[in-house]
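Single-structure report; data block below.
The values are calculated or read from the model by the stated rules, or taken from the named source; none is laboratory data. Not measured: the values here are computed from a predicted model. Counting neighbours? That spans all protein chains shown, and the Cβs are built from the backbone with ideal geometry, glycine included. Remember, those area values only see protein heavy atoms, side chains included, never the ligands or the DNA or RNA. Shrake-Rupley method; radii C 1.70, N 1.55, O 1.52, S 1.80 Å.
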Amino acid sequence: MKVSKIFMRGAIRAAAMLALLAFCASPAFAQRGKWWQDERFRRELGLTVEQSVRLEEIFQKTQPMLRQRMQALDQAEKEFDRLVETGDDASVLDHVGIVETARAEVNKTRTVMLLRMRRSLTADQWAKFTALADQRNRDRRQR
């Protein structure tokens, strides 16, 4: 019983790390830093003042919900960790769904924000953004 709990906990943590690595390797990772305020991005994308303002508005509007959902995920993960240590397998398995639902809500909120941001750019700006983000990610990995 103990071995299965330890294995399950390790497997879930490994899956979370893989998801984090995939996230960090994607062009969207560059969006975590306020790229629309980065002088290089603004200049190379040709962002207008209006676009920068709109992107910031989208970001600011989304942050309260994103924080709330992150807190719910953190609480669900803490309870999961507690159950792994002290609960029975059925309780742990039941709680996996709660953790994954909370994680999905965080991801969905972030994805909707990024979609709105993308729609604030022209097709040409998006192509340039993707190239810049890829380059930024390559530079970060090399460091």
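Distance between the modelled labels on Thr101 and Gln60, one decimal in nanometres: 3.4 nm (7 Å Cα→Cβ projection).
Accessible area ranking (1.4 Å probe, heavy atoms, ligands and nucleic acids excluded), largest first, for Met70, Met117: Met70, Met117. For segment 60-143, with all protein chains in place and a probe radius of 1.4 Å, 52% of the accessible heavy-atom surface sits on carbon or sulfur.
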